[in-house]
Amino acid sequence: MTSRLKILLFLLLATTFSAASVPVDDFLREALAAEARLDSSRALEFFQQADAAKPNDAFILQKIAKQYSDMVPDQPTDAGKKQFAQRGLDYAQRSYELEPTNAIYALSLAICHGHLALVSDIRTKVEYSRRIKEEAERSIQLDPNYAWAHHLLGRWHYEVASLGMTARFFARLLYSGIPPASFEEGIIHLKRATELAPDELNHWIDLGFAYAANGQKSEARKNWEHGLAMPNRSKHDATAKQRAQAALAAIK
């Protein structure tokens, strides 16, 4: 064995030993701290290290899915968004298969399908729309008090109900249609989300959009203003506030 090969073998063994010697809890501690700082990229690195140290752990796999999902809007191209959304979906699917009774893991599938729908063709959008509804409803069945499941289903209802008659006609004609949706159902689920998690500004802001879609401008304004008055706590809170501010300016 040459000296160069011995050195390479030594480095490989040293690296393997070092990774194995770090408890998975240390990786998770660093990952969760990075996630709390809204540093999805760094959190992803640590969660992936945790995955290498402890493969096939549903919690770790879902956390990896979440980081990929959270970074989808940051990608500058549709191709990049699709790639990150698909990676997130792959990990979300693995976590759900390991623990199919977990509402959070079920909802991760819906969230990733939602990201993919935004950068897909019409046929795929319709198919993913069905899946989003089914997965959000499954999440609520698993945990009726899961605020984010109500949020996603509520948003699905008001956004699909906002589609024009022409879009609905062609979806039904060409792609077997989209499940029924209504503004009223959207409002019900988003109101429930605000009741379950009143400190989450996104629930209030999307409830405002549901009211606006239903023509209830005063209720929309009240909920947008409520959400805007709350502090930013999660990665995309600032973006949600920008949506609300633009909508408020448009109805004044």
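The values are calculated or read from the model by the stated rules, or taken from the named source; none is laboratory data. Bear in mind that the values here come from a model prediction, so they are computed numbers and not experimental data. Note that each Cβ is placed from the backbone with ideal geometry, even for glycine, and that neighbours are counted across all protein chains shown.
Filtering Glu184, Glu195, Glu135 for residues that are among the acidic types (Asp, Glu), buried (at least 17 other Cβ atoms within 10 Å of the Cβ) and either out of contact with any Asp or Glu (no Cβ under 9 Å at 6 or more places or on another chain) or at pLDDT below 95 (or both) leaves a single hit, Glu135.
The helices (runs of 4 or more DSSP H) found wholly in segment 171-252 and carrying at least 3 residues that are within 19 Å of the chain's Cα centre (by Cα) and charged (D, E, K, R) occupy 237-251.
Identify, please: which residue in segment 22-49 is over 22 Å from Asp74 (Cβ atoms) and among the aliphatic types (A, V, I, L, M) and is, among those, modelled with the highest pLDDT? Can you show your working first?
Of all residues in segment 22-49, those over 22 Å from Asp74 (Cβ atoms) come to 22-29.
Subsequent filtering for residues that are among the aliphatic types (A, V, I, L, M) retains 22, 24, 28.
Details: Val22: 62, Val24: 93, Leu28: 98.
Once the filter is applied, the top-ranked residue is Leu28.
Out of Ser120, Ser108, one residue alone is of a type in the set (Ser, Thr, Tyr) and within 9 Å of the chain's Cα centre (by Cα). It is Ser108.
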